[in-house]
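**Q** Below is the structure I would like to discuss, written out as structure tokens.
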Amino acid sequence: MAKHQTPLLDQLETGPWPSFVSDIKQEAAHRAANPDGLDYQTPVDCPDDLLGVLELSFKDKETHWKHGGIVGVFGYGGGVIGRYCDQPEMFPGVAHFHTVRLAQPSGKYYTADYLRGIMDIWDLRGSGLTNMHGSTGDIVLLGTTTPQLEEIFFDVTHKMNTDLGGSGGNLRTPADCLGQSRCEFACYDTQDLCHTLTNDYQDELHRPAFPYKFKFKFDGCPNGCVASIARSDFSVIGTWKDDIRIDQDRVKAYVAGEFKPGGGSHSGRDWGKFDIVKEVVDRCPTGCMSYDGAKLSIDNANCTRCMHCINTMPAAVKIGKETGTSILLGAKAPILDGAQMSSLLVPFVVVEKPYDEIKEVIENIWDWWMEEGKNRERVGETMKRLSFQKLLEVTNIKAMPQHVKEPRSNPYIFFKEEEVPGGFAHDEKAYRQRHMR
Amino acid sequence: MPSEKEQVLEFLTGKTGKSKFYFSDLCKVFPDKKQREVKKVLTELVNEGKLEFWSSGSTTMYGLTGAGKQKAEEE
């Protein structure tokens, strides 16, 4: 018998998708039965009370969670987010229901043992409820009490070799795609770069001193499996400098139907014979491809790395050999001023250990943003407010054609004297003789 | 001349009405210092238990340990 009647939540379970309501009910029943005989360190009925408070919020059309808190583990300014219910007497099981964020492994590679280990800790010391994964990519453990925080921290660090993730005005838990470990499109080792920078920037991850959150994400190629261009302040997206490699015999094999397009995806329906012109050439966003019935040609200078031809015919068309990455800055979700995608800052850099070139860009940006950023201002907003030109100046990057987003609509560009070779002299007096005020 | 840590504590003790402060508020105590140096002073104070973090989940603020009304709720 459920502790609280939840007719509004029950309705959510009737849809076609798996329901988080069913999941929470399952955990409530599991904790009540306690088949492993655990000495639960948080209220046994916290999943029931979670359903109860959510039902009440649906009814009241208001949240019953209070915002934030001073909980955390000693010395860390992030990784734990205090959550308190404003109806603690009605829902004592979730009166204190803090969130713990854990850094996920690079590429989200898990072993069953690891997941069981995390759940052994969380079943005992938390609600047993998780969010795999949060929007930033971390493991989110939902709901525990203040006295359990240090215990959980000790166990995850000592037994699971796992650290807390980021929250607040910190570097957030960096995230990457699985990169070269499995993917032939990956232009650099995303996992190594992600892991190295996570270790190198521990202070920024755990001790908040930024105006607001800052996210790194590492995509091995422009397919963007971690969507860094939309979801991270500092987007690292693999690319190549030379030409796309084309195996013309295999192109013919695709045309003849010997290879399945798209690696056989969307094969649940008969789409008819593969038409290379209709499905690949005409779909090229810059129109830089052509097929004359025997040979596929690409005008590489006009390729924008949309990846469509490579994704459709991976056996015949491959990324170039001279690989590296582009760096873009400033994506964010629409809290202030609308959503924003990252803007291209570094068109190409070779990704080589110890990644000093990339770190130099990062640190220059941080120094500038820490100094100039307003409270709760993402770096993308600072960039918009103070201009892309200023960003180039602080990162010591010269303006180049790749930075141009569109033909300029504003004819008034002001150059500083030091930007013009040879400088220029301006005689205000002589000027005023020719031009009256 | 009070030490840097004392200056931070003096600043925070002298404030009424507010118990939590942004990192940038505390940087104003040391107008000539780089942010990263200020951070080191604050980290030491946190490690000594004199300052504590307050976090909404998205933003973080600093305050004197135990100051403000929220402390009672945590216990």
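The values are calculated or read from the model by the stated rules, or taken from the named source; none is laboratory data. Everything quoted here is computed from the prediction, not taken from an experiment. Note that we place each Cβ from the backbone using ideal geometry, even for glycine, and neighbour counts take in every protein chain shown. The area values use the complete protein model at the heavy-atom level, side chains included, leaving out ligands, DNA and RNA. Shrake-Rupley method; radii C 1.70, N 1.55, O 1.52, S 1.80 Å.
**Q** Which of (1) touching a residue at least 60 places away in the same chain (Cβ under 8 Å); (2) over 26 Å from B:Trp54 (Cα atoms); (3) surrounded by fewer than 21 Cβ atoms within 10 Å (Cβ to Cβ) does A:Gly107 not meet, given it meets every other one?
**A** Result: A:Gly107 fails condition (3) only.
**Q** So A:Asn161 fits all but one of (1) within 20 Å of A:Phe74 (Cα to Cα); (2) surrounded by fewer than 23 Cβ atoms within 10 Å (Cβ to Cβ); (3) within 14 Å of chain B (Cβ to nearest Cβ); what number is the exception?
**A** Result: A:Asn161 fails condition (3) only.
**Q** Against the condition exposed (fewer than 15 other Cβ atoms within 10 Å of the Cβ) and small (Gly, Ala, Ser), how does A:Gly293 come out, does it pass? Explain how you work it out, then say what you get.
**A** Values: exposed (fewer than 15 other Cβ atoms within 10 Å of the Cβ): yes; small (Gly, Ala, Ser): yes.
When the stated conditions are applied, A:Gly293 passes them.
**Q** Going by the structure shown, is A:Leu56 in contact with a helix residue (DSSP H, G or I) (Cβ under 8 Å, 6 or more places away or on another chain) and among the aliphatic types (A, V, I, L, M)? Steps first, please.
**A** Numbers: in contact with a helix residue (DSSP H, G or I) (Cβ under 8 Å, 6 or more places away or on another chain): no; among the aliphatic types (A, V, I, L, M): yes.
For A:Leu56, the condition - in contact with a helix residue (DSSP H, G or I) (Cβ under 8 Å, 6 or more places away or on another chain) and among the aliphatic types (A, V, I, L, M) - is not met.
**Q** Please give the helices (runs of 4 or more DSSP H) falling wholly within the stretch A:339-437 in which 1 or more residues are under 23 Å from the mean Cα position of the chain (by Cα).
**A** Numbers: elements: A:356-372, A:379-386, A:388-394, A:428-434.
So the answer is A:356-372, A:379-386, A:388-394.
**Q** Restricting to the stretch A:334-357, what's the tally of residues that are touching a residue at least 12 places away in the same chain (Cβ under 8 Å), over 20 Å from A:Ala399 (Cβ atoms) and small (Gly, Ala, Ser)?
**A** Number satisfying all stated conditions: 1.
**Q** Moving on to the next point. Within the stretch B:22-42, count every residue that is closer than 19 Å to B:Glu52 by Cα, at the interface with chain A (Cβ under 9 Å from one of its Cβ atoms) and either outside any helix (DSSP H, G or I) or touching a Pro at 6+ places or on another chain (Cβ under 6 Å) (or both). Step through it out loud before you land on a result.
**A** Pass one, the stretch B:22-42, residues closer than 19 Å to B:Glu52 by Cα: B:22-29, B:35-42.
Cutting the leftovers down to at the interface with chain A (Cβ under 9 Å from one of its Cβ atoms) gives us B:22-25, B:27, B:35-36, B:38-39, B:42.
When the remaining residues are screened for being either outside any helix (DSSP H, G or I) or touching a Pro at 6+ places or on another chain (Cβ under 6 Å) (or both), the result is B:22.
The number of residues fulfilling the criteria is 1.
**Q** Which residues, counting only those in the stretch A:1-25, are surrounded by fewer than 11 Cβ atoms within 10 Å (Cβ to Cβ) and not in a loop (DSSP other than H, G, I, E, B)?
**A** The one that is surrounded by fewer than 11 Cβ atoms within 10 Å (Cβ to Cβ) and not in a loop (DSSP other than H, G, I, E, B): A:Pro7.
**Q** Give just the number: which of (1) under 22 Å from B:Val46 (Cβ atoms); (2) within 14 Å of another protein chain (Cβ to nearest Cβ); (3) not aromatic (Phe, Trp, Tyr) does A:Ala103 not satisfy?
**A** The single condition A:Ala103 does not satisfy is (2).
**Q** With the structure loaded, tell me whether A:Arg408 is open to solvent by less than 90 Å² (accessible area, probe 1.4 Å) and of a type in the set (D, E, K, R) or whether it fails that test.
**A** Numbers: open to solvent by less than 90 Å² (accessible area, probe 1.4 Å): no; of a type in the set (D, E, K, R): yes.
In short, no.
**Q** For the stretch A:203-215, check the following and say yes or no: at least one residue is open to solvent by 10 Å² or more (accessible area, probe 1.4 Å), out of contact with any Cys (no Cβ under 6 Å at 6 or more places or on another chain), within 14 Å of another protein chain (Cβ to nearest Cβ) and free of Cβ contacts under 8 Å to residues at least 24 places away in the same chain.
**A** Yes, the stretch A:203-215 has at least one match.
**Q** Restricting to the stretch A:344-399, and then to whatever is within 13 Å of chain B (Cβ to nearest Cβ) and open to solvent by 50 Å² or more (accessible area, probe 1.4 Å), can you tell me which residue is nearest to A:Phe216 (Cα to Cα)?
**A** Out of the qualifying residues, it is A:Glu363.
**Q** Okay, next question. Considering only residues of the stretch A:59-75 that are part of a loop (DSSP other than H, G, I, E, B) and open to solvent by less than 80 Å² (accessible area, probe 1.4 Å), which is farthest from the other protein chains (Cβ to nearest Cβ)?
**A** At the first step, the residues of the stretch A:59-75 found to be part of a loop (DSSP other than H, G, I, E, B) are A:61-64, A:68, A:70-75.
After this cut, where a residue has to be open to solvent by less than 80 Å² (accessible area, probe 1.4 Å) as well, the list is A:64, A:68, A:70-73, A:75.
Working: A:His64: 15, A:Gly68: 3, A:Ile70: 5, A:Val71: 6, A:Gly72: 6, A:Val73: 10, A:Gly75: 6 Å.
Residue satisfying both the conditions and the ranking: A:His64.
**Q** List pairs: first residue in the stretch A:412-436 and of a type in the set (Ser, Thr, Tyr), second residue modelled with pLDDT under 90 anywhere in the structure, Cβ distance under 7 angstrom, at least six positions apart or on different chains.
**A** Final answer for the pair search is none.
**Q** Considering each of A:Gly268, A:Gly257, A:Gly293 in turn, give the residue that is without any contact (Cβ under 8 Å) to a residue 12 or more places away in the chain, part of a loop (DSSP other than H, G, I, E, B) and under 17 Å from A:Ala316 (Cα atoms). Can you show your working first?
**A** Details: A:Gly268 fails: under 17 Å from A:Ala316 (Cα atoms); A:Gly257 fails: without any contact (Cβ under 8 Å) to a residue 12 or more places away in the chain.
Of the residues listed, the single one that is without any contact (Cβ under 8 Å) to a residue 12 or more places away in the chain, part of a loop (DSSP other than H, G, I, E, B) and under 17 Å from A:Ala316 (Cα atoms) is A:Gly293.
**Q** Restricting to the stretch A:239-254, count the residues that are under 29 Å from the mean Cα position of the chain (by Cα), more than 13 Å from A:Val280 (Cβ to Cβ) and in a loop (DSSP other than H, G, I, E, B).
**A** 3
**Q** For the structure I just gave you, tell me whether A:Leu178 is open to solvent by 10 Å² or more (accessible area, probe 1.4 Å) and touching a Cys at 6+ places or on another chain (Cβ under 8 Å). Break it down stepwise before answering.
**A** On the way: open to solvent by 10 Å² or more (accessible area, probe 1.4 Å): yes; touching a Cys at 6+ places or on another chain (Cβ under 8 Å): yes.
It is true that A:Leu178 is open to solvent by 10 Å² or more (accessible area, probe 1.4 Å) and touching a Cys at 6+ places or on another chain (Cβ under 8 Å).
**Q** Of everything in the stretch A:76-96, what is open to solvent by less than 10 Å² (accessible area, probe 1.4 Å) and within 30 Å of A:Gln202 (Cα to Cα)? Give them in sequence order.
**A** A:Gly77, A:Gly78, A:Gly79, A:Val80, A:Ile81, A:Gly82, A:Tyr84
**Q** Then there is this: Quick check on my filter: what residues within the stretch A:9-47 are within 32 Å of the chain's Cα centre (by Cα) and within 26 Å of A:Thr146 (Cβ to Cβ)?
**A** A:Phe20, A:Asp23, A:Ile24, A:Glu27, A:Ala28, A:Thr42, A:Cys46, A:Pro47
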